[in-house]
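Q: Provided herewith is a single structure, encoded as structure tokens, for subsequent inquiry.
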Amino acid sequence: MPELPEVETVKRILEPIVKGETISAIKIYRKKNILNDADYFISSLVGETFTHVSRLGKYLIFHLTHKKAIISHLRMEGKYFEGNIEESRFPHDIMRYEFLDGKTLRYNDVRTFGTIEFRYEKDLLTIPPLSLLALDPFSISLEGLESALRKTNRPIKEAIMDQHIISGIGNIYADETLFAARINPLKKAKTLSKEEVCSILKEARRILTLAIKEGGSTIKSYHPKEGVSGLMQNELLVYGKSKSPCPRCTFPLKRIVVNGRGTTYCPVCQKGDRPLIIGVTGPIASGKSEVSKYLEKKGYEIIDADKIVASLYKEKSILIGVKKIFGQESVTSFGLNRDYCRKEIAKDGSKKTQLEKLVWPKVFEKIEHEIRRSTAKRILLDVPLLIGSPLEKECDLIIYIEANRETQAERLSKRGKDVASSLKMNESFPRKEAKKAASILLDGNGSVASLQKILASIPYL
């Protein structure tokens, strides 16, 4: 959706085009986009002359003689094009103004979300939507913004996109502003200090000013003028750049969803109050434990899912559930008969799924509890079933390590494990999904020394 810089750019392009032009006729092709009665809209505007164009938030306002005005919101893909009366209707045209000199201005909208409405100027700011619109970053005071943010407990990313709090900022410039201000997008708006609010306002003004200078950001469908692209996309530091190195610290940028909108930020530079959380995952005997050992020496708190699983297998309720899945032989006086269970899973893969449904929800619950109670600045989650679990979203970065079948077999044999059944269990590991989710892909086939060397070469770990 075009934001303040894009709408301001369109305004500056349109004004010299329409200023002084007198409307001789109006063609409406799709009445739903016109918020007035179509006949009333046409009869009110034919014969009037455009005097100038202004902007309020993301709204364009065309001013005409006799104190009349047209409010236009481009929404997702609305665009204006110059033309002449001889031209036929173009695909996705919503309407067009025809001028006395034979020129035209047509409104085109592929998604048909845009709106156009006639108003008298005296009513512009007294009736919604403009009466509900907050001031934009260039007009609002620090005190005004701070007061508005104090009234909401929503994440700051959501708050600064609320046009009733501050107008003109959409998804692109919200991400860029919060990155520049070093504010975590999930931080509650009402908890921000005055200094943080000041930083947000300062950076919003700086970034929007640059964006206007560059003609906006041509992302997907926005173009300020036919055949012309805005250049601000070349200046964007984080928006749409998930997994790219942070321009400040090189840590991979993370994408999350805030109130339904994709949000990209740096988990280090915009850390907030939570610890940095890194997840490591991979099949059995791929090398996860060596990654954990290395990062533990670097000061990470290690939360090991396998250790939690082992503790759960001592709980009576879990063992009862295991018996129901695998039978009486699966549990001995010493606890879980792991080799027996592995062999049964090798015969019937559905039993693995049943076991995971029994155990892993409790594992995830315990890990989340460990994260909440931790005072560490950095945490490593060693979780084989990380991908697709609730914990995946908790991770600021995911490491995926993989080894070939021969290496896995050798390691399992040295550990005294049943090689065949363990390798069978590895077959169900979601390798494709893990590679897609991970920011770091590691080859676990080499020696411990070679793995450590690779890890040491990653500066942000």
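Q: Rank by packing, highest mean first: peptides 51-61, 340-350, 159-169, with packing defined as the count of other Cβ atoms within 10 Å averaged across residues.
A: Highest mean packing first, the order is 159-169, 51-61, 340-350.
Q: Hey, another quick one. Could you pull out every one of the lysines with an alpha carbon less than 24 Å from that of residue 27, ignoring same-chain neighbours closer than 8 positions?
A: 11, 19, 67, 68, 79, 103, 225
Q: Calculate the spin-label point distance for residue 354 paired with residue 420, positioning each point 7 Å from the Cα along the beta-carbon direction, and give it in nanometres.
A: Taking the two extended label points, one gets 2.2 nm.
Q: If you don't mind, there's one more thing I want to ask. Using only the Cα atoms of region 4-128, build the gyration tensor, take square roots of its eigenvalues as a ≥ b ≥ c, and label the shape rounded, prolate or oblate: rounded if a/c is under 1.5, else prolate if a/b is larger than b/c, else oblate.
A: Note, shape of region 4-128 comes out rounded.
Q: Under the rule of -39500 (n - 2.57) per DSSP H run of 4 or more residues, summed and divided by the residues of the chain, what mean residue ellipticity at 222 nm is obtained, to the nearest 500 deg cm²/dmol?
A: -10500 deg cm²/dmol
Q: Could you tell me which of rounded, prolate or oblate describes region 75-136, using a ≥ b ≥ c as the square roots of the eigenvalues of the alpha-carbon gyration tensor, with rounded for a/c under 1.5 and, failing that, prolate when a/b is larger than b/c and oblate otherwise?
A: The shape class here is oblate.
Q: Figure the gain on full extension for residue 456 and residue 153 (residue separation times 0.36 nm, minus the Cα-Cα span) and round it to one decimal in nm.
A: 105.0 nm
Q: Return 42, 398, 367 ranked ascending by Cβ neighbour count within 10 Å, so the fewest neighbours appear first.
A: Going from least to most buried by this count: 42, 367, 398.
Q: Among DSSP beta bridges lying fully in the chain, give the percent that are antiparallel, nearest 5.
A: Of all bridge pairs located within the chain, approximately 70 percent are antiparallel.
Q: Listing 92, 73 from the residue with the fewest other Cβ atoms within 10 Å to the one with the most, what is the order?
A: Going from least to most buried by this count: 92, 73.
Q: Could you let me know the centre-to-centre spacing of region 329-407 and region 145-181, using Cα atoms, in angstrom?
A: Taking the Cα centre of region 145-181 as reference, the centre of region 329-407 is 39 Å away.
Q: Which ordering of 257, 331, 7, 197 is given by a fewest-first count of other beta-carbon atoms within 10 Å?
A: Ordered by Cβ neighbours within 10 Å, fewest first: 257, 331, 197, 7.
Q: State the label only: which of [x] 27, 59, 14, 0; [y] 19, 47, 25, 8, 1; [z] 21, 38, 26, 14, 1 corresponds to P(r) over Cα pairs in 20 Å bins from 0, in percent computed from the shown model?
A: Label of the calculated value: [z].
Q: Identify all lysines with a Cα-Cα distance to residue 314 below 22 Å; exclude those on the same chain that are fewer than 8 residues away in sequence.
A: Reachable lysines: 323, 324, 343, 351, 352, 357, 362, 366, 417.
Q: Could you give the length gained on full extension between residue 87 and residue 191, defined as 0.36 nm per residue of separation minus the Cα-Cα distance, in nm?
A: 31.8 nm
Throughout, read-outs are computed from the coordinates displayed, never taken from laboratory work. Predicted model only: the values in this text are computed from it and were never measured. Cβ: placed from backbone, ideal geometry, glycine included. Neighbour counts: every protein chain shown.
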